[in-house]
Amino acid sequence: MTFSIAQAEQELQARRAALNPRWYPHYHLAAQAGWMNDPNGLVWFDGWYHAFYQHHPYSTQWGPMHWGHARSRDLVHWEHLPVALAPEGPEDKDGCFSGSAVVDGDTLALLYTGHKFHGDSSSDDNLYQVQCLATSRDGIHFERQGQVIDTPAGLHHFRDPKVWREGDYWYVVIGARVGDTGQVRLYRSRDLREWQDEGLLAEAKEGAGYMWECPDFFRLNGKWILMFSPQGMAAKGYHNRNLFQSGYLIGDWQPGQPFVPEGEFVEMDHGHDFYAPQSFLTPDGRRIVMGWMDMWESPMPEQQDGWAGMLTLPREIRLGDDNRLRITPAKEMAALRGSYYPLLAQQLKNQSSPIVEDAQVIELDLVWDIHSATAECYGIALGAGLRVFVDAQAQRLVLERRYPEFALEGSRSVALPEGNRLSLRIFIDRSSVEVFVNEGEACLSSRIYPQEAQRQLCVFASHGSATLSSGGYWPLDQ
Ligand code: FRU
């Protein structure tokens, strides 16, 4: 099969008309129809935020990758644009894989991975991944400039270029697999076309992954953050529970030197569904991250509705004094808020009280008093499928989802914060929940699939009492 943008657009038009909207997000970015995975090419260009994404317009399954495209003035309302890249050339004939965008004067430049097999595609020995360039003046139509970095000798997995500007040079980090060791490789260029190999930036120690996907490398408060998505880290206790992880190392770096990490890999999100995050800068200098809010090999019930996959909210990241990232929803999200409905401060004792009858698209803000609680469990429930609650015995905040009809059951959790105050900002958007704990100390993101009449939102305390010190909610963009 050969692919083109025109053909992809035609296909999308037909598929869009047949979409079942019951779980389709209201304020998160999802493909118009078909499949979506990683965010790509996040960038501010010429007055717009652009978000591209891994996209298969022809089905709700992963397939030959295209780059879907949307833009936004405010990070909140997204407008779909035509597919930006289709796997049309010999260099990307089996897919336009993940990559990034930079603004080069008046040009928007995309660097992405051309994915291709030479011969039989069932063997990785025939796999080649090369880095390709595409450019645009209007931010909508892209000219393919072809391959700019070839696969290094002996490598097969070599993908997901993330470019940035440092002094007089462009730099790019690229994920790689050597044997069973994940790596990040570094290259340097003056013009985005001729690239010089700068060697290894970082590499997995024992047990830290056989492949590092989607690396991103940036400075925050004088430190360097290497954010990446390792495959192959074993689960340990409450950590690394998803099939693949996403997180970061913090350290120091100077051009021409290797990256020197301090401390261990830290997961960025503790829910079931978060992968391949990518960062970008706002014009006022904030570092924002968006991720794919799904997980490889996890059931995606929305496939029966004609679409699959969505991105997380844009999240601002800052570096805390403890050398950990603080992750909060971008402040722009407040623009979506309708009227505020305060909840009375209350003590709940062995009870569940409804607060919203049909919670589809909502932001909740709750503060619980940890020390005075005697309840074994307290928090919120959405229908019978989702609970976000404190497990007092385990001293953890738990996100539990239970949709056995879709083979999605289980919980994720984080340790309770120190101190007495547990503040939760919770965003629900039809088939997703994102929980931000104590102004960004932790976040948990998961997909949820409530059936009709399964959206009553309650606060509850069981086996004892718990005090909701303050709280309320906003319907979002009704
Ligand atoms: C991460 C990833 C990338 C790759 C893309 C393919 O989810 O596997 O490494 O470029 O997805 O769609």
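The values are calculated or read from the model by the stated rules, or taken from the named source; none is laboratory data. No experiment lies behind these values; they were computed from the predicted model shown. Cβ sites come from the backbone with ideal geometry, for glycine too, and all protein chains shown count toward neighbours. To get the accessible areas, we keep the full protein, side chains included, count just its heavy atoms, and leave off ligands, DNA and RNA. Shrake-Rupley method; radii C 1.70, N 1.55, O 1.52, S 1.80 Å.
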Taking the range 357-369 and keeping residues open to solvent by less than 20 Å² (accessible area, probe 1.4 Å) and more than 21 Å from Ser431 (Cβ to Cβ) leaves Leu366, Trp368
Inspect all residues belonging to the range 393-414 and state whether any of them is hydrophobic (A, V, I, L, M, F, W, C) and more than 25 Å from Gly291 (Cβ to Cβ). yes
By residue number, the members of the range 414-448 that are in a strand (DSSP E or B) and open to solvent by 20 Å² or more (accessible area, probe 1.4 Å) are Ala415, Arg421, Arg425
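Would you confirm whether or not the range 66-79 contains a residue that is more than 22 Å from the chain's Cα centre (by Cα) and either under 29 Å from Gln10 (Cα atoms) or open to solvent by 60 Å² or more (accessible area, probe 1.4 Å) (or both)? Let's see the steps before the verdict.
In the first step, residues of the range 66-79 are kept if they are more than 22 Å from the chain's Cα centre (by Cα); the result is none.
No; the residues of the range 66-79 include none that is more than 22 Å from the chain's Cα centre (by Cα) and either under 29 Å from Gln10 (Cα atoms) or open to solvent by 60 Å² or more (accessible area, probe 1.4 Å) (or both).
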Per the filter on the range 310-356, residues closer than 30 Å to His80 by Cβ, hydroxyl-bearing (Ser, Thr, Tyr) and open to solvent by less than 70 Å² (accessible area, probe 1.4 Å) are Thr312, Thr328
Of all strands (runs of 3 or more DSSP E) fully inside the range 195-306, the set with 3 or more residues that are at pLDDT 95 or above and within 16 Å of the ligand (Cβ to nearest atom) is 211-220, 223-231, 275-281, 287-292
Checked the range 84-141 for anything within 14 Å of the ligand (Cβ to nearest atom) and either among the acidic types (Asp, Glu) or outside the structural domain of Tyr58 (by TED's automatic domain parsing) (or both); matches are Asp92, Asp94, Asp124
If we ask which residues in the range 148-171 are hydrophobic (A, V, I, L, M, F, W, C), away from the ligand (no atom under 14 Å from the Cβ) and not in a loop (DSSP other than H, G, I, E, B), their number turns out to be 5
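Look through the range 101-124, keep the residues that are small (Gly, Ala, Ser) and under 26 Å from Glu11 (Cβ atoms), and return whichever of them is modelled with the lowest pLDDT. I'd like the intermediate steps shown before the answer.
If we filter the range 101-124 for residues that are small (Gly, Ala, Ser), which is where we start, we get 101, 105, 109, 114, 119, 121-123.
Filter once more, keeping what is under 26 Å from Glu11 (Cβ atoms): 101, 114, 121.
Working: Ala101: 98, Gly114: 98, Ser121: 91.
Here the answer is Ser121.
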Task: Condition met for Ala375 (touching a Lys or Arg at 6+ places or on another chain (Cβ under 9 Å) and either assigned to a strand (DSSP E or B) or surrounded by 19 or more Cβ atoms within 10 Å (Cβ to Cβ) (or both)) - done: yes
Exactly one of Leu200, Leu186 is of a type outside the set (Val, Ile, Thr) and open to solvent by 50 Å² or more (accessible area, probe 1.4 Å), and that residue is Leu200
Being of a type in the set (A, V, I, L, M, F, W, C), in contact with a Leu (Cβ under 8 Å, 6 or more places away or on another chain), in contact (Cβ under 8 Å) with a residue 60 or more places away in the chain and closer than 25 Å to Trp307 by Cα narrows Ile380, Ile428 down to just Ile428
Restricted to the range 333-360 and to residues being touching a strand residue (DSSP E or B) at 6+ places or on another chain (Cβ under 9 Å) and assigned to a helix (DSSP H, G or I), the residue farthest from Gly222 (Cα to Cα) is Leu336
Note to self: If I filter the range 36-56 for residues that are of a type in the set (Asp, Glu), within 16 Å of the ligand (Cβ to nearest atom) and either crowded, with 19+ Cβ neighbours inside 10 Å or farther than 22 Å from Arg144 by Cβ (or both), do I get at least one hit?
What the structure shows: yes
If we ask which residues in the range 388-425 are without any contact (Cβ under 8 Å) to a residue 40 or more places away in the chain and under 15 Å from Cys458 (Cα atoms), their number turns out to be 1
